[in-house]
1. Kindly establish whether residue 254 is at pLDDT below 75, within 21 Å of residue 373 (Cα to Cα) and not in a loop (DSSP other than H, G, I, E, B).
2. Mind checking whether some residue in the range 412-431 is surrounded by fewer than 18 Cβ atoms within 10 Å (Cβ to Cβ) and within 24 Å of the chain's Cα centre (by Cα)?
3. Being closer than 30 Å to residue 64 by Cβ and either surrounded by 24 or more Cβ atoms within 10 Å (Cβ to Cβ) or in contact with a strand residue (DSSP E or B) (Cβ under 9 Å, 6 or more places away or on another chain) (or both) narrows it down to one residue among 175, 137; which is it?
4. Output yes when any residue across the range 367-387 is at pLDDT 85 or above and under 22 Å from residue 452 (Cα atoms), and no when none is.
5. Please tell me if residue 210 is part of a helix (DSSP H, G or I) and either in contact with a strand residue (DSSP E or B) (Cβ under 8 Å, 6 or more places away or on another chain) or more than 28 Å from residue 280 (Cα to Cα) (or both).
6. Which of (1) modelled with pLDDT of 70 or more; (2) surrounded by fewer than 22 Cβ atoms within 10 Å (Cβ to Cβ); (3) in a helix (DSSP H, G or I) is the odd one out, the single condition residue 452 does not satisfy?
7. Being under 17 Å from residue 204 (Cα atoms) and in a helix (DSSP H, G or I) is true for just one of 180, 187, 137. Which residue is that?
8. Considering every residue within the range 395-407, establish whether at least one is modelled with pLDDT of 70 or more and in a helix (DSSP H, G or I).
């Protein structure tokens, strides 16, 4: 290895390079770290909740597979629907008030889901749970866009890229803890039934912790003085801001770009909607959902440390195409006929075959996600006008407004037809064809997911010249110097 410092720098350890980037965050304000603490507490509650929600709706509330998937989809549909209006409200009322409203609603709704099955039964329980899901959707709608606003406000342009990496890193650390320790830990301590209820009660406590951090936030702190709001929004109504953003050419171009990612975003929603029931039905009912769900964020955390300094050198559009393609390709493992997998060395039975394809899918999908998501989120926030970040973040969720409910409804139908309760004995006896198997269900999802990278590739020249320059904006503005 050369002795000169200049020559040795390109060959230095990527892990050292990555953590060297975080030195620039020494100047980050207290409010930046409070925002990450808020996200961490909320992440513990959210990721543990979504891992068990579809099963909770079936086993605790009496919903069948179709209705459980439908109401999961309705919950996510209303998160996005509420965000359309709430984003502009957040731009008017500010960060702290938005957080107070959001976490107040989340605290009540999470506690309600934990207590409702104890006090109510039958149809009355189902109606109460449906109402609580809508309240929880409204709370989430307040929290999500304002977090992006907070991260942008409390970071300078020089450290913004690293700041969003920290945010994504902390989010996935929370996901690991939520799944590996909370989901499985609560089940081991209190049992499968009571343990799932305790997860929602835990979410209530995490909401209170987030409210505590919010009290310490400073509304008037701007890391970048040039982005300080001029006060123009103070005289505007939320609906006026909403309509103004919708008419802006920059947002229309951004929306087109995001719309092309709908297909692959279905794969992301599968982690919550399809995987929990798929795991427990093709392997065994006491399958450790938390452990399996923690593999994805663990790989992302390790991957961020290892490759972010490398992929930061490439244009955002390339990274999005590559990440989407890898995420879509991960479903190929789940599509493979079992008889093919059983021929591989070291695989001797159906359980081993399913464990192999599940782990392979998780690993490959996680690799695609860590390439795709950090820059994707930063790009939306960075492309927004300083006084309309929440509005942009909310309206930019429109593609997911389409993807989430579609997969909510479709997943319930597909699960009931191709991955129903009791399918494993038929698989063991070979009394099932490929066209009626879980593998065929994943073939449908693979086709839908593949449409996204293909569409972006087909329209790449148009996007590069007509859309709001995601590659240039992100690479030049966001990278630390």
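The values are calculated or read from the model by the stated rules, or taken from the named source; none is laboratory data. None of these values were measured; they are calculated from a predicted model. Positions of Cβ are backbone-derived with ideal geometry, glycine not excepted, and every protein chain shown enters the neighbour counts.
1. Details: at pLDDT below 75: yes; within 21 Å of residue 373 (Cα to Cα): yes; not in a loop (DSSP other than H, G, I, E, B): yes.
Answer is yes for this residue.
2. So far as the range 412-431 goes, yes, one or more of its residues are surrounded by fewer than 18 Cβ atoms within 10 Å (Cβ to Cβ) and within 24 Å of the chain's Cα centre (by Cα).
3. Answer to the selection: 175.
4. Residues of the range 367-387 that are at pLDDT 85 or above, as a first pass: 367-368.
In the following step, the residues that additionally are under 22 Å from residue 452 (Cα atoms) were identified as 367-368.
So far as the range 367-387 goes, yes, one or more of its residues are at pLDDT 85 or above and under 22 Å from residue 452 (Cα atoms).
5. On the way: part of a helix (DSSP H, G or I): yes; either in contact with a strand residue (DSSP E or B) (Cβ under 8 Å, 6 or more places away or on another chain) or more than 28 Å from residue 280 (Cα to Cα) (or both): yes.
So residue 210 fits the description; yes.
6. Only one criterion in (1) modelled with pLDDT of 70 or more; (2) surrounded by fewer than 22 Cβ atoms within 10 Å (Cβ to Cβ); (3) in a helix (DSSP H, G or I) is unmet by residue 452, namely (2).
7. Working: 180 fails: under 17 Å from residue 204 (Cα atoms); 187 fails: under 17 Å from residue 204 (Cα atoms).
When all the criteria are applied, what remains is 137.
8. The initial filter retains those residues of the range 395-407 that are modelled with pLDDT of 70 or more, namely 406-407.
From what is left, the residues that are in a helix (DSSP H, G or I) are 406-407.
Among the residues of the range 395-407, at least one is modelled with pLDDT of 70 or more and in a helix (DSSP H, G or I), which makes the answer yes.
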